[in-house]
2 protein chains.
Amino acid sequence: MHIAEGLKHAKKVAGNREAVVCGETRYTWEVFDQRTDALARGLASLGVQRGDRVAVLMLNCHRYLELYYACARMGAAIVPLNIRLARPEIVFILNDSETKVLVVDKTFASHIAGRDTVPSIESVIYNGEVTPADMINFEDVVIGGSHMRETVDQEMDDDDLAGLFYTGGTTGRAKGVMLSHKNIVSNAVNALLATGYNQRDTWLHAAPMFHLADVGSVFALTMVGARHVFIPIFNPVHVLEAIQNEKVTCTILVPTMVNAVLNHPDAGTYDLSSLKRLVYGASPMPLEVLKKGLQKWGQIFAQGYGMTETAPLLTGLDTWEHVVDGAPEQVRRLNSVGKEALGVEVRVVNAEGDDVQPGEVGEIIARGPNIMPGYWRMPEATAAAIVDGWMHTGDLATVDEENYIYIVDRSKDMIISGGENVYSVEVENALYTHAAVLECAVIGIPHSKWGEAVHAVVVRKPGMSVSEEELLAHARAQIAGYKVPRSVEFQLEALPKSGAGKILKRDLREKYWVGKSKYVN
Amino acid sequence: MHIAEGLKHAKKVAGNREAVVCGETRYTWEVFDQRTDALARGLASLGVQRGDRVAVLMLNCHRYLELYYACARMGAAIVPLNIRLARPEIVFILNDSETKVLVVDKTFASHIAGRDTVPSIESVIYNGEVTPADMINFEDVVIGGSHMRETVDQEMDDDDLAGLFYTGGTTGRAKGVMLSHKNIVSNAVNALLATGYNQRDTWLHAAPMFHLADVGSVFALTMVGARHVFIPIFNPVHVLEAIQNEKVTCTILVPTMVNAVLNHPDAGTYDLSSLKRLVYGASPMPLEVLKKGLQKWGQIFAQGYGMTETAPLLTGLDTWEHVVDGAPEQVRRLNSVGKEALGVEVRVVNAEGDDVQPGEVGEIIARGPNIMPGYWRMPEATAAAIVDGWMHTGDLATVDEENYIYIVDRSKDMIISGGENVYSVEVENALYTHAAVLECAVIGIPHSKWGEAVHAVVVRKPGMSVSEEELLAHARAQIAGYKVPRSVEFQLEALPKSGAGKILKRDLREKYWVGKSKYVN
C-alpha cells in the first residue's frame, strides 16, 4: 500500500465526516481529497515532477497535512523542516535535498530571504494573507490546480521516496533520513495495531508536524478517516482548550510538553474527559512527571518509542501497562519503553550480537518494513547505521523477564566517570523526585581525574527553592554515590530545547567543552 | 511478514500469558512455541518437506491451532478439511492436493479407512487416546520432534503457499483455494485494524476451524498474543458455558449459530458480560435475529463479510454501526455488510465495470494483498475469478451515499421470476419477521410460465404454528407481490447446513430440479 491509498480509503469510508479543524477552517474527507488533488496538480503546474523534493517550513496547520498528501499523490518527496533551525542550517538542507519548491508560512517567510543561495528552488509558496511579491499564495496554487483537467495521481511503488526527514545534526551535519511509502504506511499500520484508533477518534496536532513523533499519526489517523485538530505551536493553554472544545481523544506530547501542561496553574479547570490516549515519546519521560500525570488524568498515558530512521515506532507501553499502585514488577514498567510493536522486530543485543539476558546492558536494534532505506546521499552513514538489515539505534537498554525494554541512556548521553558508566536518565529521575525541580538535565563535564564528572543543570519551580546541598543529599538517598552529581548549576530560564521539545544537552555541554575536539574525555 | 513471525512476536510480548484453553489443557505462548517447534520437527521426521501438504480432519482443539503454526514454521501447506464432507469428497481432496500426511481425530478416524485410495499419503497422525495400528499418535510426533536437534523453521517468502482451503463444490468439483503467507498475514492485520484485538482478549473457537470465518482469527489473535478457547463443535450450551467460564471477549458465529444460541431457553441464565464483540458472517444475517440479539446482548455485534478466496475479510460493520433505535439511515445499515476494510480495496461495479450509483445493483469485486493467487491447479477457474487483479465475488450488491454495501443476493441464489429479479435474502428477511419462523430459506423452483417461481422452505419454532396463508399474508404486507413466495413448504427438522453452518440451498432445490441440467430455467 502506498500513502495515497490510505486517503482513498478514508474518503470511501468517512467521506462525509469532518477531516480537519484548524482555527475557523473545518471540512470533510471528501473536501480534503479534492483539495489535495488540486494541490498536487498545482504543484505539477509549478514544475514539480515525480521524485522531486518539496520542502515545508511552517507551523502546524491543515495545509501541512494537505502537503503531506499532495506530495504523496503525485510522487514528490516532502522535506519537512525543523522550525527551530537557523538560516544557515535551512540553506544547507534545501541545497542538500535539491529542493524545487519551498512552502513557508508568515512566521518563517523572512527566514528564506535571499534564496539565491539555493539555486534549485524554482518557486516559493506562501501560506498566509499578504503574499510577498516573489512568492505564490498557497490557495492560488490550489485554485489553479482545481482548474486543471488531468490527474497527477501516480501509481507509486512501495519503495518510492515519500520524504526526507533531516535529523539532529548533534554530531556533525544534518542527515536526511529517507522514508519510503512502505516505511510510512507500515509504521501507520503498526501504530494503528498498537492503538486501535478508528474514525471516531480526534487527534490533536500540538507537537510540531515536521517531527516524526507527530508525523506517524498524520498517516495513521488519516488512513482510518479520523479527525485532525491543529494548533499552530505548542502552548499549554491552547492544548487544554483544544482538548476541551474539540473533544480530542488522542494526541502525542513530548515529555517537556506533558510537564508544562501538568504544571499549568489552570490545568484543573478544563474538561479533558474526552482524552483516551495521551502518547508521550521522543525523549525520556521523567518518572515523577508520569506519576503525576497518571494521578491527575488517569490511565490515559501510553508510550511510543522510536526514531526518525524507523518511521518511528519501535516499542510501546500501552495505557493498561501504566500501573502506579500495583505489584513491584508492574510499577517498575513505568520506567520502561514497553515491548516490541507488532510489525517490527526489536532486539537488545550485546557486543557479540546476542540477545542480552535480563539486567545486562545492550544496544537496541530493529528490523522491519518501517526501517529507512538509508540517509540521503550518505552511503557510509547508512552502512554504519544499518548492519545486515538491522538498524542500530544507539540507545542502550536492558530487558526484564517479560521482554519489557528499559532504556538506560542514549549511548552519547552516557557519562563515563572514573571508569563507571553513569546513565544520565537515571540521575535525572532521582532529581525529578524533588518537589522543587521543574526541569533538569544531567551531563558529563571534563574532569582531570575521572575523565568526566557528573553535572546537573536544574530549573526550579517558580516560588520554590532548593540548595545544591539539599538537592545532592536528596539524590544521594536514592542512587549510588558515583552517580550523584559533583556539581549543580541552577538556571532561571527554561532549558534549551529542540524544535521537537527535547532538551538539548549538547548546548548545555558546550561551554564546558570549549576547545576540546569531542564531547567525551 | 510471514505467519511464523507473528508467533515469534506473540512469544516475545506475551510469553508468560495463557495461550490456549482446551478442555483440561491450558498452557502459555512459551509452551505453544515449544510445542509447535517440536511438532514441525516431528512432521519433518515423517518426511514432510517445505511445500508438501498436510491435511487435517478434526473437530476444534488446541492441536488444530498447533498444526496451523507447525506447518507455517516448516513451510508445509495445511489442508483443513470440511468435517461434513462425505468420504468420496475427502478422497478427492486428498488426491487433488497430493497430501503427504493426514491428521485425524477419533471422530473422523473411521472416515479414512482404506487410504490406499490416496497413494500420496505416507503417514496418518491420530489425535486421541487409543491409536489405531496404522497411525501415529499426535503426542508421539511432538515428543519425537522435541528430541531432534535441528530446527526446521524456514525463512519463508511471503508468496509461499500456506494452505489449501477447499470450497463448496456447490457448482461442480471442490476447488482448492491457495492462500499464501502474505494473504493470511495481511488478512490478520486487516482484521486487527478493524477490531483492535489485543493480548488481553480471549477468543472462542466455536465455529469450525477448517473454515475461513474462524481461521482468520486463528492468525489475528495469535499475532497479538491473545488467548484461544476451544470447544470441539458448535453447541449453544457449550458456547454459553465457555463465554461465562473463560470470560471470552470475542468470537465469531455464523447466523444460524447466533439464532440457535439466542433461542436457547437457558440463554438468559448465563453471564455473558465479558463478551465485547460477537462477529457474525459467512452467510446473510436475518434482520430479526440481529435485532433480537442486539436487544438481548447489547451493541456487541459486528459483521465481517468476505470469502475463502479473500482470506476472508472484505468489509466490516462495526459494533457502533449497529443502531436499532436511531435515524432511518442508521437503522438501515443493519441490512448492510458495512464498508471496505482498511487494507483491501472493495468496489461494487456494474456490467461496464464502473462503480454503481446508490441504488443500482452490481457485483462486489476486491483487490489487495489478501486475495488468493488462485485455485490449485485450476488456471481457468482462476482466470474466471480474478480479472485484472480483481477478485469477482459473485455477490450482488448496492451501495448507499456513505458507501455502505448492501448484498442483495449471491448471484446464484437470485431468482428470476417472470423477468423480475427476486433477491432471496430480501424475501427471507420478510419471513423472519414472523414470530413463529425459526428458520427459512427462499429458493427458485421451475415454473412453466415464469421460468422460476419463488418458493419458501420454513421451520417453525417449537410449539408455535403459522399456516401458509398467514405467512404469505405477512410477507405481502412487507414486500412487492412478485417477491412473495408462490408456495411454502414446512419442514419439521432443521434446514440442511454446511459444515460452516450455512443453509444449503442447493440441497433444498435438488428435488425440484431433478433431471434439469442446471438450477435455473
Dimensions of the protein assembly as shown along principal axes (Cα, Å, largest first)?
-> 99, 70, 51
Given the rule -39500 (n - 2.57) for each run of at least 4 DSSP H residues, summed and divided by the residues of chain B, what is its mean residue ellipticity at 222 nm, to the nearest 500 deg cm²/dmol?
-> -8500 deg cm²/dmol
Got a sec? Charge dipole of the range B:234-410, +1 on Cβ for Lys and Arg, -1 for Asp and Glu; which of B:Leu294, B:Val399, B:Ala267 is way out at the positive end?
-> B:Ala267
Per the charge dipole of chain A (beta-carbon charges, Lys/Arg positive, Asp/Glu negative, Cα centre), the residue among A:Ala77, A:Ile416, A:Ile90 reaching farthest to the positive end is A:Ile90
Averaging sequence separations of C-alpha pairs under 8 Å and six or more residues apart, then dividing by the length of chain A, give the relative contact order as a whole percent.
-> 11 percent
Computed over the range B:204-252, the relative contact order (Cα-Cα under 8 Å, seq sep at least six) in percent reads 52 percent
Please find the FRET efficiency linking A:Ser120 to A:Thr25, where r is the Cβ-Cβ separation and R0 is fixed at 41 Å, and quote it to the nearest 0.05.
-> 0.85
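Test of understanding: what is the full-extension gain from B:Trp320 to B:Asp354, defined as 0.36 nm times their sequence separation minus their Cα-Cα distance?
9.2 nm
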Where does each of A:495-505, A:316-326 land if you order them by average Cβ count within 10 Å, highest first?
-> A:495-505, A:316-326
Among B:Cys250, A:Cys71, A:Cys22, what is the fewest-to-most ranking by other Cβ atoms within 10 Å?
-> A:Cys22, B:Cys250, A:Cys71
Average beta carbon contacts from partner chains per residue of A:152-162, 10 Å cutoff | 0
Sort B:Leu221, B:Leu492 so that the residue with the fewest other Cβ atoms within 10 Å of its own Cβ comes first and the one with the most comes last.
-> B:Leu492, B:Leu221
What ranking of A:Trp450, A:Trp29 emerges when the number of other C-beta atoms within 10 Å of each C-beta is taken as an exposure proxy, fewest first?
-> A:Trp450, A:Trp29
Size of the dipole of the range A:428-490 about the Cα centre, Lys and Arg at +1 and Asp and Glu at -1 on the beta carbon, nothing else charged, in debye to 20?
-> 120 debye
Only bridges with both residues in chain B count here: give the DSSP antiparallel percent, nearest 5.
-> 60 percent
Across the range A:415-510, how many lysine pairs separated by 8 or more positions, or lying on different chains, have Cα atoms within less than 22 Å?
-> 6
Taking H as built 1.01 Å from N, whose amide H comes closer than 5 Å to the amide H of A:Val408, not counting residues under 5 places away?
-> A:Leu396, A:Ala397, A:Thr398
For the range B:291-405, size of Cβ-based charge dipole, Lys and Arg +1, Asp and Glu -1, in debye = 660 debye
Calculated FRET efficiency for the pair A:Tyr482/A:Lys106, C-beta based, R₀ 60 Å, to 0.05 = 0.70
Please state the charge dipole magnitude for chain A, taken about the Cα centre, from unit charges on C-beta atoms (+1 on K and R, -1 on D and E), reported in debye and rounded to the nearest 20.
-> 780 debye
When DSSP beta bridges are limited to those with both residues in the protein assembly as shown, what percentage is antiparallel, rounded to the nearest 5?
-> 60 percent
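We did not get these values from a lab; they are worked out from the coordinates using the rules stated. Please read these numbers as outputs of a predicted model, since none were measured by experiment. Backbone-built Cβ (ideal geometry, glycine too); neighbour counts: all protein chains shown.
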